[in-house]
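Presented below is the structure to which this report refers.
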Amino acid sequence: MASFILGVDVGYGNTKTAHNCFSSGVKKLPGKPPINTRVIETPEGFYAIGNGKMSIQKTKTEDENMRVLTMAGIAEELKKVDTTVADVYLGVGVPLTRMGAEKQSFLDYYNKNRRLIFKYEDVQYSVTLLSVDVFPQGYAGVVSFMRDFHKSALVIDIGSWTVDILPLTEFIPDQTRCKSLPLGTITCMNDINEALRQNLGQDADETTIKEVMIYGTSDIPEDYLSIIKNGLRAYAANLMDQIRALNFNSDLTQFIFIGGGATIMKHFLSEEDRKNALFFDDVHINAKGYEDLIRHKMGGRS
C-alpha cells in the first residue's frame, strides 16, 4: 500500500493542503444531494464542504467538522495521484500561542479515528493514519526559509479570524512574546462593506473583495474599487499600528507576512513600511511546512 506525507491546514476561513484550497464551511445534509461536488459521505451522513466558513468554537475539536474537512483535504491530494487506498503520515497545526492548551486535544481527536473510510464525490477512500503530528502554525510555514531572515524577525500570519505574531531572535522563536490578535481578514471585509453601504448603499460579495486583495485591482466599477482599495490600505496601516503598539520596531526588525492576508500587505502596505518586509503569499505555506517537518523528523524521507 502506498504511503504519503500530507499536511492539512484547517482554518476557520479556508482549508489548505500542499496543492488545494477550499472554503471551510461544513453543512450536514438530510440525505444524498443531487450534485456530489465536494460532498463527503461518512457513516454519520452526508456533508457539503465549502460555501462559507467554519463556525467559531472554543476549540475545533468540539465536533466532527475538522475531521470532515481533513478527510476532504486528504481526498483532494490523493486524487492527484489517482489513489484511493493509502497510509498517511498526517501533519496539522495550531497557533503557537495555543500549542500548550490544544496540542494534546488535537492528537486525541485525530488518533481516536485512525482508520478513515469515507466517500468523497462518490469515490470511496480507505485511509489509515500511521501517525499524527501537530505543529505550530506560522513557524511551520517559514522554518525552511528562516536562514534567509534577519537575526531579528517577526512572522505575521494573517488568517481569516486572527493575526498570529511570532518573534524570532537569531532564528529561534520567542514564545514569551507571541500574540494572537483578532484582526483577521474577516474584520477587513466587514469594514469595507460598511463603507460601501454608507457610500453606495450596496455590499460587495467576498469573492469580489478577495480579488482586489489578491491582485491589487479588479475590473469592477471604479467607485466600488476605490472604496475597497481604501479599506485595504486602512487595514494594512491599522495592523502595522497594532504591531508597533506591541513594541516591535519595523526599522530594526524584519517583518515576514504570511497566510492568506499577506497579499493585502503586499499590495497595500505603505512604501515606508515595505522597506524591511518580506511577503510569502502562498496560501499553502503552512500545509507544505507540516509536510517538510514530518520529512525532517523521518530523516529526510520524500
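All of the numbers you see were taken from the coordinates with simple rules; none came from a lab. Everything numeric here is computed off the predicted structure, so don't read it as measured data. Positions of Cβ are backbone-derived with ideal geometry, glycine not excepted, and every protein chain shown enters the neighbour counts.
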- line: The rounded separation in angstrom of the Cα centers of the stretch 204-253 and the stretch 259-278 is 9 Å
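For Ile35 and Lys112, what is the calculated FRET efficiency with R₀ set at 30 Å and r taken between the beta-carbons, to the nearest 0.05?
On the way: r = 31 Å, r/R0 = 1.03.
Once rounded, the FRET efficiency stands at 0.45.
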message: Can you tell me the length gained on complete extension of the stretch Asn190 to Leu246, counting 0.36 nm per residue apart and subtracting the Cα distance?
response: 17.7 nm
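Take every Cα pair under 8 Å in the chain that's 6+ residues apart, average their separations, divide by the length, and report that relative contact order as a whole percent.
For the chain, the relative contact order is 19 percent.
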query: Taking Cα atoms, how many degrees apart are the long axis of helix 99-111 and the longest axis of the chain, rounded to 10 and kept between 0 and 90?
result: 30 degrees
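In the chain, once you exclude exposed GluC sites (Glu not before Pro) (DSSP loop, at most 14 other Cβ within 10 angstrom), what's the longest stretch remaining? Before the final figure, lay out the partial values.
Values: sites that count: Glu44, Glu170.
Between exposed loop sites, the widest span is 171-302.
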- prompt: Which of the pairs Lys28/Lys58; Lys151/Lys266; Lys103/Lys179; Lys27/Lys179; Lys58/Lys119 have their Cα atoms more than 24 Å apart in this structure?
  reply: Lys27/Lys179; Lys58/Lys119
Selection from Ser126, Tyr235, Ala153, by position along the positive dipole direction of the chain (Cβ): Ser126
Extension gain from Leu200 to Ser226, taking 0.36 nm per residue of separation minus the Cα-Cα distance: 8.2 nm
statement: On the formula 1/(1 + (r/R0)^6), with r taken between the Cβ atoms of Lys28 and Phe171 and R0 of 41 Å, the FRET efficiency rounded to 0.05 is 0.40
- line: Taking R0 as 22 Å and r as the Cβ-Cβ distance between Leu181 and Asn276, the FRET efficiency 1/(1 + (r/R0)^6), rounded to the nearest 0.05, comes to 0.65
- prompt: Which angle from 0 to 90°, rounded to the nearest 10, does the C-alpha axis of helix 222-245 make with the longest principal axis of the chain?
  reply: 90 degrees
- prompt: If you place +1 on the Cβ of every Lys and Arg, -1 on the Cβ of every Asp and Glu, and leave all else neutral, what size is the dipole of the stretch 182-273 about its Cα centre, to the nearest 20 Debye?
  reply: 220 debye
query: Just going by the charge dipole of the stretch 92-250, with Lys and Arg at +1 and Asp and Glu at -1 on Cβ, which of Ser250, Phe135, Ser180 is farthest out on the positive end?
result: Phe135
- prompt: What is the magnitude of the charge dipole of the stretch 12-71 about its Cα centre, with +1 placed on the Cβ of each Lys and Arg, -1 on the Cβ of each Asp and Glu, and no other charges, expressed in debye to the nearest 20?
  reply: 180 debye
statement: Residues meeting the amide H criterion for Phe46 (H placed from the backbone, H to H distance under 5 Å, 5 or more places apart or on another chain) are Leu29
field: Degrees, to the nearest 10: 65-80 long Cα axis against longest axis of the chain
entry: 80 degrees
query: For Rg/Rh (Cα atoms, Kirkwood Rh), the choices are [x] 0.95; [y] 1.03; [z] 0.98; which was calculated from the structure?
result: [z]
statement: Env charge @ Tyr290, Cβ radius under 13 Å, K,R +1 / D,E -1, value -1
- request: Could you work out the longest stretch of the chain that avoids the trypsin sites (Lys or Arg not before Pro) located in DSSP loops with at most 14 other Cβ atoms within 10 Å?
  value: 152-274
field: Backbone N under 17 Å from the Arg295 label point (7 Å along Cα→Cβ), restricted to the stretch 7-22
entry: 7-9, 17-20
